[in-house]
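Please read the structure below before turning to the comments.
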Amino acid sequence: MALKTSNIYGDITISDEAVAIIANRVASECYGVAELVSRRLSDSILSIFNKESATKGVKLVTVDNRIYIDLYVLLMADINQEAVIDSLKSTVKYHVEQFTGMRVKSVNVHALGVKL
């Protein structure tokens, strides 16, 4: 589902894919995140052909213009993982809210491992 809102300029619709791309970019630039991990078969198939999905590692659901984000990441070794996860949650939430103008209900980070 897409996010929809209206203002003095008219109706605005933002696709879930556009929001997922923003979440992916912000998450991949956070300190301590080694990489985002594929959770879909289509992302795995793209990696075989040396292509990268713009929404890799992001699962996004919108319900009643509320955004729920799940991030699947590998963290760097020898860092405070709890601090990185807290930072990642707040950074992604802030940037997605600024981009969409909508409320992010939750950001869940699934740390699937550590990259040496």
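The values are calculated or read from the model by the stated rules, or taken from the named source; none is laboratory data. Predicted model only: the values in this text are computed from it and were never measured. Because the Cβ atoms are built from the backbone with ideal geometry, glycine has one as well, and the counts that use them run over all protein chains shown.
Conditions (1) free of Cβ contacts under 8 Å to residues at least 60 places away in the same chain; (2) out of contact with any helix residue (DSSP H, G or I) (no Cβ under 7 Å at 6 or more places or on another chain); (3) under 15 Å from ASN24 (Cα atoms); (4) aromatic (Phe, Trp, Tyr), marked per residue:
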site	(1), (2), (3), (4)
ASP78	yes, yes, no, no
ALA83	yes, yes, no, no
LYS89	yes, yes, yes, no
PHE99	no, no, yes, yes
MET102	no, yes, no, no
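I'd like to know if segment 84-100 contains one or more residues that are among the basic types (Lys, Arg) and either surrounded by 14 or more Cβ atoms within 10 Å (Cβ to Cβ) or at pLDDT 90 or above (or both). Yes.
What residue, of VAL26, VAL114, VAL63, VAL92, is in contact with a His (Cβ under 7 Å, 6 or more places away or on another chain) and among the aliphatic types (A, V, I, L, M)?
Values: VAL114 fails: in contact with a His (Cβ under 7 Å, 6 or more places away or on another chain); VAL63 fails: in contact with a His (Cβ under 7 Å, 6 or more places away or on another chain); VAL92 fails: in contact with a His (Cβ under 7 Å, 6 or more places away or on another chain).
Residue meeting the stated conditions: VAL26.
Screening VAL109, VAL73, VAL37 for residues that are farther than 20 Å from LEU3 by Cα, without any contact (Cβ under 8 Å) to a residue 60 or more places away in the chain and in contact with a Gly (Cβ under 8 Å, 6 or more places away or on another chain) leaves exactly one candidate, VAL73.
The single condition among (1) surrounded by 13 or more Cβ atoms within 10 Å (Cβ to Cβ); (2) in a loop (DSSP other than H, G, I, E, B); (3) at pLDDT 90 or above that TYR31 does not meet is (1).
The residue list ALA23, ALA54 contains one member that is at pLDDT below 90, closer than 23 Å to GLY101 by Cβ and within 14 Å of the chain's Cα centre (by Cα), which is ALA54.
For VAL107, the criteria (1) exposed (fewer than 15 other Cβ atoms within 10 Å of the Cβ); (2) modelled with pLDDT of 95 or more; (3) part of a strand (DSSP E or B) hold in every case but one, which is (1). When residues in segment 77-103 are screened for being assigned to a loop (DSSP other than H, G, I, E, B) and either over 17 Å from VAL33 (Cα atoms) or not polar (S, T, N, Q) (or both), 5 of them pass.
Annotation: of all residues in segment 66-83 being within 17 Å of VAL104 (Cβ to Cβ) and surrounded by fewer than 16 Cβ atoms within 10 Å (Cβ to Cβ), the one that is modelled with the highest pLDDT is TYR68.
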